[in-house]
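The values are calculated or read from the model by the stated rules, or taken from the named source; none is laboratory data. Small disclaimer: the values here were computed from a predicted structure and weren't measured. Cβ atoms come from the backbone with ideal geometry, glycine included; neighbour counts cover every protein chain shown. For accessibility, only protein heavy atoms count, side chains too; no ligands or nucleic acids. Shrake-Rupley method; radii C 1.70, N 1.55, O 1.52, S 1.80 Å.
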Amino acid sequence: MSGVKLLGINGSPASRRVEWALKIKGVEYEFIEEDLQNKSQLLLESNPVYKKIPVLLHNGKPIAESLVIIEYIDEVFEGPCILPKDPYDRAIARFWAKFLDEKCLPAVWKALWSQGEEHEEDKKEAYEVLKVLDNELKDKKFFGGDGIGFVDIAANFVGFWIGIVEEATGVVLVTSENFPNFCAWRNKYLNCDQVKENMPSREMLLGYFKSRVQAVANGPK
């Protein structure tokens, strides 16, 4: 199959998930970098409901939302399976991917950036969701078992981005004392060649987040 385009942003975890899935399947695609401050007409027409990236265009037909796109890629293109073949295992993988997006990412992101009286409460909420992940990873090499799977791809933010934002903001959420299983997973994850090949420049992201920290510091008090 041909005619595959991806509307995204180089430093976006959601975009990177989709690129990772396309590479697993060996699909050639055109990456179109979007500017969220000046969204293209193509993006607005392709995702009129949410008006956000990523959007996969396959033979002119748009598919939005990164996890939905990954499932589509897994079903449509030949190559190694991304989701488990067993229906139960596939349902469990979807559950944890949904947990990462709907519970973990918002709580962790808020804790990394909040200030003042709210900060300690936000950190407590982040610790709770990270502890859930830590328990799930007990006695596991990856979420997908012995190899990278759907949930590990969905976990790219907690695996890669968290440490960079921690360095930029000075807020430390993840330690091996508090989350030993999660940290063991992250170490294996970051040293996996497949992961290294599908992440953006750490230096680029660190510079971006440091500039955000500076902007917050220079903003209205």
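Table for the structure above
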{"quantity": "Within the stretch 109-153, tally of residues that are of a type in the set (A, V, I, L, M, F, W, C), in contact with a Lys or Arg (Cβ under 7 Å, 6 or more places away or on another chain) and closer than 19 Å to T175 by Cβ", "calculated": "2"}
{"quantity": "Output for the stretch 74-85, where each listed residue is touching a helix residue (DSSP H, G or I) at 6+ places or on another chain (Cβ under 9 Å) and either in a helix (DSSP H, G or I) or open to solvent by 40 Å² or more (accessible area, probe 1.4 Å) (or both)", "calculated": "D74, V76, E78, G79, P80, C81, P84"}
{"quantity": "Criterion violated by T175 - all others in (1) more than 19 Å from the chain's Cα centre (by Cα); (2) among the polar types (S, T, N, Q); (3) part of a helix (DSSP H, G or I) satisfied", "calculated": "(3)"}
{"quantity": "Search result, residues across the stretch 15-57 that are polar (S, T, N, Q) and within 23 Å of F77 (Cβ to Cβ)", "calculated": "S15, S46, N47"}
{"quantity": "Count of residues meeting criterion [among the β-branched types (V, I, T) and in a loop (DSSP other than H, G, I, E, B)] in the stretch 23-73", "calculated": "3"}
{"quantity": "Long-range neighbours under 6 Å by Cβ, at least six apart or interchain, first residue modelled with pLDDT of 95 or more within the stretch 134-145, second open to solvent by 30 Å² or more (accessible area, probe 1.4 Å) and not in a loop (DSSP other than H, G, I, E, B)", "calculated": "D134/N181; L137/N181; K138/N181"}
{"quantity": "Where a residue in the stretch 105-125 is on the phi > 0 side of the Ramachandran plot and its partner, wherever it lies, is in a helix (DSSP H, G or I), with Cβ under 7 Å and at least six apart", "calculated": "none"}
{"quantity": "Members of the stretch 86-98 found to be surrounded by fewer than 18 Cβ atoms within 10 Å (Cβ to Cβ) and either polar (S, T, N, Q) or closer than 22 Å to L137 by Cβ (or both), listed by number", "calculated": "D86, Y88, D89, R90, A91, I92, R94, F95, K98"}
{"quantity": "Contacts under 6 angstrom Cβ, first residue in the stretch 66-78 being farther than 16 Å from P54 by Cα, partner part of a helix (DSSP H, G or I) and at pLDDT 95 or above, 6 or more apart", "calculated": "F77/K25"}
{"quantity": "Any hit, the stretch 140-160, residues being part of a helix (DSSP H, G or I) and open to solvent by 70 Å² or more (accessible area, probe 1.4 Å)", "calculated": "no"}
{"quantity": "Hits in the stretch 28-73 (condition: open to solvent by less than 30 Å² (accessible area, probe 1.4 Å) and either farther than 16 Å from A14 by Cβ or at pLDDT below 95 (or both))", "calculated": "H58"}
{"quantity": "Selected residue [farther than 30 Å from L22 by Cα, open to solvent by less than 80 Å² (accessible area, probe 1.4 Å) and touching a residue at least 60 places away in the same chain (Cβ under 8 Å)] from L173, L205", "calculated": "L173"}
{"quantity": "The stretch 102-131: number of residues that are out of contact with any helix residue (DSSP H, G or I) (no Cβ under 7 Å at 6 or more places or on another chain) and surrounded by 15 or more Cβ atoms within 10 Å (Cβ to Cβ)", "calculated": "3"}
